[in-house]
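One structure is given below, encoded as C-alpha cells.
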Amino acid sequence: MTKTMVLIGTRKGLWTATAEDDRQSWTVRGPDLGLNEVAACAIDARGAKPRLFAGASSSHWGPAMSYSDDLGATWIEPDPAPISFPEQTDTALARVWQIMPGPADQPDLVWAGTEPSALWRSEDRGVSFTLNQGLWDHPHRKEWQPGGGGQALHTILPHPQDSTQMHVAMSTGGVYRTTDDGASWNPANKGIQGSFLPADEFPEYGQCVHKVARHPERPDQLFAQNHGGVYRSDDEGTSWASIAEGLPADFGFNMVVHPHAPGTVYVIPLVADMERFPPQARLRVYRSRDAGQSWEELSKGLPQDRFYATVMRDAMCVDDLPSTGIYFGTRSGSVFASADEGESWSEIAAHLPDVLCVRAGRVG
Amino acid sequence: MAVLVRIPGALRQFTDNARTLEVDLPEGSDVAALLATLGCDNPSLVRRICDERGNLRQHVNVFVGTVNVRDGNGLSTTVPDGAEVYVIPAVSGG
C-alpha cells in the first residue's frame, strides 16, 4: 500500500501526517524543528530515498534550512548554511519562502525562494545554493516593496519542457520571466491589476501576486491569485485576463492546479484585503474545470458556521498519487484533506499552531 | 589567552549539550574575533548569534562580563584574558 505523507509547516514547528491506507486514516506526529516558524517545506521523491526539506526561522536565532532522509526522524542542517547571501550583497537571509525540487531528470537540482526576494539554485540536492545574480541585479529591485508578509520570492515555476525558461513571483513585485536560463528577467504582469496602488493600477510591475500555478502539460497557461484578482494567462504570462467571475470574492492566497487535469484549478476566496475572512464565514474551496470560465463550490466536510481563519499562500497543495489528493491548512491550526478531488473533506489534523505551508506526496 | 563562553540552553544542541566552551584567543582580541574562532569549529552555533553580514541578531545579546556589547563597542568590544562571555537571548515571544 502506498505511504502518503503531508508535511505541515506551522508558526511553531513542523508536523507530519502519514497514511498507509490510501489516505483514509492519518497518524500525526510532531513538532519537529522546535519553536521555529516553518514557512517552506517540500517532499523530494526523486531519489532512492525521499528527502524532506524545511525552511525554518527563529525570531531569536535566525533562519535555517534543513533536510531529512529518514522521513523526519532526524534533520540535518548542512554546514556551511545552504543559503547565505554573498558578502558583496550586504544582505542577510530573513526567511526561506519556497523550496522547489527540480525535474525528475535532474535529481540533484533544487530551487529556493527567499526573503528578501531572491532565487537560489542547488545542484547538490539542497545542500548548497547559489544566488541567481540576474534577478538579484534587476534594476526593478529597488522598487519592489514588502507585502504584509515580507518582501519575498514565494513562487518558482520552472518550465516543464525548456530548462532555460522559468517564471517567479514575489510580493510586492509581480511575476517575472526568464528565457535565458536566469541571466535576464522581464516582468510579466500585463493585465494584472494593482488595486492598492495609488496611481497606475496596471503598472509594468509592482503587483502583489500571491500565488501562480501551471499544469506541466500546458506550459503556456498560467493561473494567478492576486492581492485582489484571479487571472489566467494563455501566453506564458505575456498578458493576463480576469477569471474571477463566478467566485464569491477575488481576494485570496492560494492557486493550485490539478496534477492530472489541465485547466482544473482550486482557490479559497476571502472577502477582501481589508476583510480577510471566508465569505459568509463559511470555509469553501472553489474549483474550476474549464480554466476559470466557471467555478463550483466545494464545502462538504468543511466548517460552514462562523469560520474566520484564513489559508496562507503555500498552505494548499496536491499530492502525486494517481487519484489526486488535495490538502490545505488554516491559521486556526487545522489541516483538511480530500481524496476525491475536493468533493468531500476531512480534518486530518487539528489544534496545531497557525499552518503556514503544506506539502504532500508519496514516500513509500 | 583563555575565554569562557557560556551557552544558553537553546543553543546547547550545537555544543553537544556543553554549557560552556573555552576558547583560546590572541591577547587583545575582540568579540568578533571570538565569534570567528568559535565559528571555525561550530558554524551552526555562530550563525544563531550573527547573520552572514556578521551583525548580531536583533534578539540576541552578548555580554563580556557585565557589559552588554551593544552598550560598548559592539562586536569590537575587547575581551580581556580570563573573561566570561555570555550569550543571552532576549525574553520575548508568545
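The values are calculated or read from the model by the stated rules, or taken from the named source; none is laboratory data. The structure presented is a predicted model; accordingly, all values stated were derived computationally and were not measured. Don't worry about glycine lacking a Cβ; one is built from the backbone with ideal geometry, like all the others, and counts go over all protein chains shown. What goes into the accessible areas is simple: the full protein's heavy atoms, side chains included, and nothing from ligands, DNA or RNA. Shrake-Rupley method; radii C 1.70, N 1.55, O 1.52, S 1.80 Å.
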For A:Thr89: the one exception among (1) in contact (Cβ under 8 Å) with a residue 60 or more places away in the chain; (2) touching a helix residue (DSSP H, G or I) at 6+ places or on another chain (Cβ under 9 Å): (1)
Any residue at all in region A:305-321 that's assigned to a strand (DSSP E or B) and of a type in the set (Phe, Trp, Tyr)? no
I want to confirm something. Restricting to region A:1-46 and keeping residues that are among the aliphatic types (A, V, I, L, M) and assigned to a loop (DSSP other than H, G, I, E, B), which single residue is farthest from A:Thr310 (Cα to Cα)? A:Met1
If we ask which residues in region A:80-94 are buried (at least 21 other Cβ atoms within 10 Å of the Cβ) and either away from every other protein chain (no Cβ under 11 Å) or not in a loop (DSSP other than H, G, I, E, B) (or both), their number turns out to be 1
Confirm whether A:Val38 is more than 21 Å from B:Arg47 (Cα to Cα), under 18 Å from the mean Cα position of the chain (by Cα), more than 11 Å from chain B (Cβ to nearest Cβ) and hydrophobic (A, V, I, L, M, F, W, C). no
Could you check region A:152-191 and list, in sequence order, the residues that are in contact with a Phe, Trp or Tyr (Cβ under 6 Å, 6 or more places away or on another chain), touching a residue at least 40 places away in the same chain (Cβ under 8 Å) and assigned to a strand (DSSP E or B)? A:Ala152, A:His154, A:Ile156, A:Val168, A:Gly173, A:Tyr176, A:Thr178, A:Pro187
Select from region A:233-263 the residues that are closer than 23 Å to A:Trp185 by Cα and either touching a helix residue (DSSP H, G or I) at 6+ places or on another chain (Cβ under 6 Å) or surrounded by fewer than 23 Cβ atoms within 10 Å (Cβ to Cβ) (or both) and list them in ascending order. A:Asp234, A:Asp235, A:Glu236, A:Thr238, A:Ser239, A:Ala241
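So for region A:111-119 (the condition being among the aliphatic types (A, V, I, L, M), free of Cβ contacts under 8 Å to residues at least 60 places away in the same chain and assigned to a loop (DSSP other than H, G, I, E, B)), does at least one residue qualify?
no
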Just one of B:Glu22, B:Glu52, B:Glu27 is open to solvent by 30 Å² or more (accessible area, probe 1.4 Å), acidic (Asp, Glu) and touching a strand residue (DSSP E or B) at 6+ places or on another chain (Cβ under 8 Å); which is it? B:Glu22
In region B:55-94, how many are over 20 Å from B:Ala10 (Cα atoms), open to solvent by 60 Å² or more (accessible area, probe 1.4 Å), within 13 Å of the chain's Cα centre (by Cα) and not charged (D, E, K, R)? 3
Picked from region A:60-79 (must be surrounded by 13 or more Cβ atoms within 10 Å (Cβ to Cβ), of a type outside the set (D, E, K, R) and part of a loop (DSSP other than H, G, I, E, B)), the residue farthest from the other protein chains (Cβ to nearest Cβ) is A:Leu71
A:Gly55 vs (1) within 30 Å of A:Arg141 (Cα to Cα); (2) open to solvent by less than 50 Å² (accessible area, probe 1.4 Å); (3) within 14 Å of chain B (Cβ to nearest Cβ); (4) at pLDDT 95 or above: all pass except (3)
Matching strands (runs of 3 or more DSSP E) fully within region B:8-94 where at least 3 residues are more than 14 Å from chain A (Cβ to nearest Cβ) and modelled with pLDDT of 95 or more: B:20-24, B:84-89
